[in-house]
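First comes the structure, then the notes that go with it.
Just so it is clear, none of the values below were taken in a lab; they were calculated from the coordinates. Small disclaimer: the values here were computed from a predicted structure and weren't measured. For neighbour counting, all protein chains shown are included, and Cβ atoms are generated from backbone atoms with ideal geometry for every residue, glycine included.
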Amino acid sequence: MTLSTGDLERMRNGLESLLPDTCTIQSVTQTGDGLGGQTSSWANTATNVECRLDQVDQRARNAEDGDQQVAVADWFVTLHHDQAITLAQRIVTATLTLHPIRMNTDRSWKAGTRVMCRLVETG
């Protein structure tokens, strides 16, 4: 089966009408701390990015991160088909900071960019 350019454009427009949320995509930069180490800081790469947020499961699961107990939940974030994002960036909303762990890299019939993200909360 082959999709025409017009069919793909209609699919993209349909999907984009289903992006009710907005987010910010951030990139990390490393700067020297003057003591031989590095300090990480996050800067906005793209703001007011239309998106859709879908929690994969309704309950966070507990995990250990070193000696710390953390709650982990996975989310799908859907973005416009041509939105630039990498696994090294993060997605920030009003209430969540999500770290991408996988994304669709399909080249054919890509109607949207789907990013599987992980929310980690220390507690």
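Results, tabulated for the structure shown:
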| read-out | value |
| --- | --- |
| If the convex hull is drawn through the Cα atoms of the range 1-58, its volume per residue in Å³ | 195 |
| Packing-based ranking, highest mean first, of 27-40, 73-86, 10-23 given that Cβ atoms within 10 Å are counted | 73-86, 10-23, 27-40 |
| Rounded FRET efficiency, nearest 0.05, which uses the C-beta distance separating Gln38 from Thr95 and R0 of 30 Å | 0.55 |
